[in-house]
1. Please list the radius of gyration and Dmax for segment 79-146, considering alpha-carbon atoms only, with Å as the unit.
2. Over the chain, what relative contact order in percent results from Cα pairs under 8 Å that are six or more residues apart?
3. When only alpha-carbon atoms are used, what values of Rg and Dmax, in angstrom, describe segment 15-118?
4. Could you list which residues have their amide H under 5 Å from that of ILE76, counting only those 5 or more apart in sequence or on another chain, with H placed in the peptide plane?
5. Based on a Kirkwood Rh over C-alpha pairs, give the Stokes-Einstein translational diffusion coefficient of the chain at 4 °C and viscosity 1.567 mPa s in µm²/s.
6. Given Cα pairs under 8 Å that are at least 6 residues apart, what percent is the relative contact order of segment 119-175?
7. If I model a spin label as a point 7 Å beyond the Cα along the Cα-Cβ vector, how far apart are those points for TYR75 and ALA108 in nm?
8. Using amide H atoms built 1.01 Å from N in the peptide plane, name the residues 5+ places from LEU27, or on other chains, whose amide H lies under 5 Å from its own.
Amino acid sequence: MKKFISLLVLICVALMPAALAEETPSLNWEDVTPALEAGGVTGQFYTFDEVAVKMWLPDGINPIDLTEEDTSKGYIGYFQPDDQSAAVAVVYVDVNGMSLEEYADSLAQTDGVTEVEMATVNGLPCVTYRMPEQDTVNISFTTQAGSILEVTCWPASVENADLVWGAVAASIQPE
C-alpha cells in the first residue's frame, strides 16, 4: 500500500501545475497510467452499461452484489475491500433534467456539502464536492438522458485518501 500511495503522490505533484494553470481543473487517465505502470500498481476497469462509462479500481477493492433495493435506489455499482474499510458507490441519480451547472449550484446551497468545483475528467465535464459529515468525496457527471452519474468514495478523511480517490476519479471515462 505504501508503494501505491507514494506513486499517487508523484502523480498528483506532476499534474498540479497543469491543474493550477487552468480555471477549470482537468485530469486525464493517460496522464496517470504511466506512473501506475512504473510503480507496479495494478487494478482493473469496471463498466457500467447503464451509462456507457468505465472506471478503474486498484486490486483489492472488489464489486459487491447489488440487491433489488439497491438498484431501485439507483445504484449501478458498489465496491469494497474485504475488510470493508472503504467503499466506492456508483449511482445513477434522477435530477429531473437538471444541467451539471444547475446541479453544482444546488449542491453549493446544500447543508453539509463543501468544496463544490467544476472540473473535466477525460474530456467529460463534472462537478466534485465533499460531504465531511458522511466522510465522502464525490464526483458527478451528466448523462445523455439528463440524469447524473455520481461516484462517491469513502472514507475521505484517512491519510492519502485524496490520492487514492484521485486515481479512481482520473479513470472515469466513456466506454
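1. Reported Rg and Dmax, both Å: 13.1, 38.
2. Working: 310 pairs, mean separation 41.3, N = 175.
That works out to 24 percent.
3. 16.7, 45
4. Those qualifying (amide H under 5 Å, at least 5 residues apart or on another chain) are VAL90, VAL91, TYR92.
5. Numbers: Rh = 16.6 Å.
Using the Kirkwood radius from Cα pairs, D works out to 78 µm²/s.
6. Working: 75 pairs, mean separation 17.8, N = 57.
After rounding, I find 31 percent.
7. 3.2
8. THR120, VAL121, ASN122, GLY123
Since every read-out is calculated from the coordinates, none of them should be taken as a lab result. Here the structure is a predicted model, which means the values were calculated and not measured. Reconstructed Cβ throughout: ideal geometry from the backbone, glycine too, with neighbour counts over all protein chains shown.
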